[in-house]
1. Taking the conditions exactly as written (among the basic types (K, R), modelled with pLDDT of 90 or more and either surrounded by fewer than 20 Cβ atoms within 10 Å (Cβ to Cβ) or not in a strand (DSSP E or B) (or both)), does R291 satisfy them or not?
2. Which pairs do you get when a residue that is not assigned by TED's automatic domain parsing to the domain that holds L542, found in segment 471-490, comes within reach of a residue that is part of a loop (DSSP other than H, G, I, E, B) and surrounded by fewer than 19 Cβ atoms within 10 Å (Cβ to Cβ), reach meaning Cβ atoms under 9 angstrom, with the pair 6+ apart or on two chains?
3. Identify, please: which residue in segment 498-507 is of a type in the set (G, A, S) and in a strand (DSSP E or B) and is, among those, surrounded by the most Cβ atoms within 10 Å (Cβ to Cβ)?
4. Determine if segment 285-302 includes at least one residue that is free of Cβ contacts under 8 Å to residues at least 40 places away in the same chain and closer than 29 Å to S194 by Cα.
5. K666 - would you say it is assigned to a helix (DSSP H, G or I) and within 15 Å of R715 (Cα to Cα)?
6. If you check S168, S109, which single one turns out to be under 22 Å from P369 (Cα atoms), in contact (Cβ under 8 Å) with a residue 40 or more places away in the chain and over 29 Å from the mean Cα position of the chain (by Cα)?
7. Going by the conditions given, is V548 surrounded by 22 or more Cβ atoms within 10 Å (Cβ to Cβ) and at pLDDT below 95?
Amino acid sequence: MDESTSIIQDLVRSLTTAASQCGQRRLLVLSGEKSWCFDQAAEVVGLLNNQKLLWVGEQGELPALGCADLANIELIKANKTRERLGREHQHIIFDAFAGFDVDAFGAISGTLCAGGLFVLLVPPLNDWRYYADPEHRRMQVYPQSEEAVSGWYLQRLSALVRTSDQLSLWCQSGEIRIQQRSPSSDIPQDIASSPYKTLSQQQAVEAIHKVVRGHRRRPLVMTADRGRGKSAALGIAAAQLLKEGLEQILITAPARKTADVFFFHLQHELGNNSAELMAKVRFISPDDLIRTQPETSFLLVDEAAAIPTPLLEIMLQSYSRLVYATTVHGYEGTGRGFAIRFKKILNEQAPQWQETRLTEPVRWRAGDPLEAFVFSALLLNAAPVEIEDDESFDPKLCQFRELSPQALIADETLLQQLFGLLVLAHYQTSPFDLRQLLDGGNISTFGLFSPQRKLVGVLLAAREGGIEPELQDGIWLGQRRVRGHLLPQSLSNHLGLPDAIALSGMRVIRIAVHPDCQRSGLGKEMLIAFQDFATEQGVDYLGTLYGVTKDLLTFWSDSGYEAVRVGLTRDSASGTHSAMMLKPISAAGSQLVAEAKGAFIDQFHWLLMDELRDFDPELVAALFKSLSDDVQRHGLWQMSERDWQELYSFCEGQRQYENCVHAIKKAIVLITLSDTPETVDVSLLVRRVLQNQSWASVVRVCDYSGEKQGRVALREAVKILNAKGHLLAL
């Protein structure tokens, strides 16, 4: 037996024994050349004998281990790890040579059971930053090469591996460090009875029962860190309620696969011959739920933090018995942001709402070192700085400055505060965003600091454009697409502006203000300072792309950004359409934005009758109003003398809607540019006239008794607006 074999044997036996005794997991990092790491991995596989092991890496690597028996090893690629959520694994080997996918690392680590060993294979720590990580292709931006992608995240991770006491490390260079047993592993843990894994899970299920059996309008909010059995609790409770006679259950979540764990535990608890009861449970996407609002005895909302607050509020108003469940940390959603935003609404609309929290891990005991390391590596516990009540946030006294990746990894506290703000602000923030922030080929990061030097705002931007003319026709015709450069390529292909790719732009990816400092003008101050920065850089225009809501449209419009495109489909997670808005800086940028607005106005009214037929009527009106000057100058909406005659005949009841529709459509567009009286049903006007929805649909959505009442309301609305001078003033 050579020395290496002896070392790896001692490490594996020591770590697996300690993990089993503590009811926790252990992390072993093997750092060196790929061949050396794979040799040690082969020894690990042999030492684990017949125990099940999951290998996360590339196909074709396992035979290189030289193991005779690979029957107990299962191989998956990193991008398939989300399919394993809800399953359990005895041991895991993660091959970082195949790419350190941060989302996969966070997801799969939560599936390792107590007593398990997680082996991470990495290049030499001193060189890891310079390794040609296959993940670089996700961050490169044309014309950047994969080799040119920086490795600042891997440098931070290397330093964390070197200094962390939450793992064991063996380097090819000879360095060995064995993790000591933590005192927290000696803390006794209460044992729950079947089918529950923990007492807090049992209590959560009991709380779910009370929502169904107790008073109406008392929704339950269930929160948990990753790996606490939240989705399992939903499945167990649903099965029990079905057995007790509940007729129907709806479950919604950001995506169907998010509910896989729920359905797994639901079926397991129902047992064999469960088809009849399973048929009473149906998954529905958030946007379909809001649009159709089907009847149900009980509504479950899993990963509620990843669903926009306006949709959650509609659910609250529409259903009297429901549970909101969400993860507080991790890739599933921004739980803390959810807590801040949504609990205010609950206090106003359902003051008797209840809350339960799952605290104990279901697959391992508290104080688990692997979990602690994953939280540190991926900043799953990132939080913004605490703000004192007496601190001042005068926007004019705050400092806005660019933050380089080098500066951020040199100041871990600042990095945690910055990422904590991003997590609070956006429901889709993921661990990959951390790596993109540090290594993205075109990413610029800015911080806004209070007079007390506290980080109170953050803005992420992407540098785009400046693409060579040789690619113009290919991008314009949709035959070619380069990495990155989202706005200029969309302007070229979607709006038919081929010259757009040559101009330089900066796209605001995220903008976040500390929750204790909001409504004080800090967001607008950041945009002003950002524009000053971009002007100095010679940028032609600024832009943004976001899930459009009325509040956000108002924010960007008030900051001088103008709408030039609306996405044709709803985002599956947010349930919203995207809006692209631009703000010119240079003369060339002004010409581009003017052309883009003209193209948008040309397209928008046609799209409203087809792909955007279900687009929110209030947003339709708000978008037209935001482009008021351009719409009024546009030839499509100029009212002729004949149009006025048509409109008059309609208002006086002399002619039917169908016979005057062209003039009425022009009038309705112009109406949306003014301050519409509260007595006018904007939804009716937009749905019937601009979106050409059927009378049957309009009557149902707008709550009229029938088509006749709807027609009368439409005529009266146009008459009121005309009489008040809204049209004549235009």
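The values are calculated or read from the model by the stated rules, or taken from the named source; none is laboratory data. Small disclaimer: the values here were computed from a predicted structure and weren't measured. Using ideal geometry, Cβ is built from the backbone for each residue, glycine included, and neighbour counts are taken over all protein chains shown.
1. Values: among the basic types (K, R): yes; modelled with pLDDT of 90 or more: no; either surrounded by fewer than 20 Cβ atoms within 10 Å (Cβ to Cβ) or not in a strand (DSSP E or B) (or both): yes.
Against the criterion (among the basic types (K, R), modelled with pLDDT of 90 or more and either surrounded by fewer than 20 Cβ atoms within 10 Å (Cβ to Cβ) or not in a strand (DSSP E or B) (or both)), R291 does not qualify.
2. none
3. G505
4. No, the conditions are met nowhere in segment 285-302.
5. On the way: assigned to a helix (DSSP H, G or I): yes; within 15 Å of R715 (Cα to Cα): yes.
Yes.
6. Working: S109 fails: over 29 Å from the mean Cα position of the chain (by Cα).
Going through S168, S109 in turn, the sole match is S168.
7. Numbers: surrounded by 22 or more Cβ atoms within 10 Å (Cβ to Cβ): yes; at pLDDT below 95: yes.
Judged against the criteria, V548 is a match.
This table checks each residue for (1) more than 24 Å from D439 (Cα to Cα); (2) loosely packed, with under 14 Cβ neighbours inside 10 Å; (3) out of contact with any strand residue (DSSP E or B) (no Cβ under 9 Å at 6 or more places or on another chain); (4) without any contact (Cβ under 8 Å) to a residue 60 or more places away in the chain.
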site	(1), (2), (3), (4)
V374	no, no, no, no
L378	no, no, yes, no
K396	yes, yes, yes, no
R401	no, yes, no, yes
A410	no, yes, yes, yes
Q417	no, no, no, yes
L421	no, no, no, no
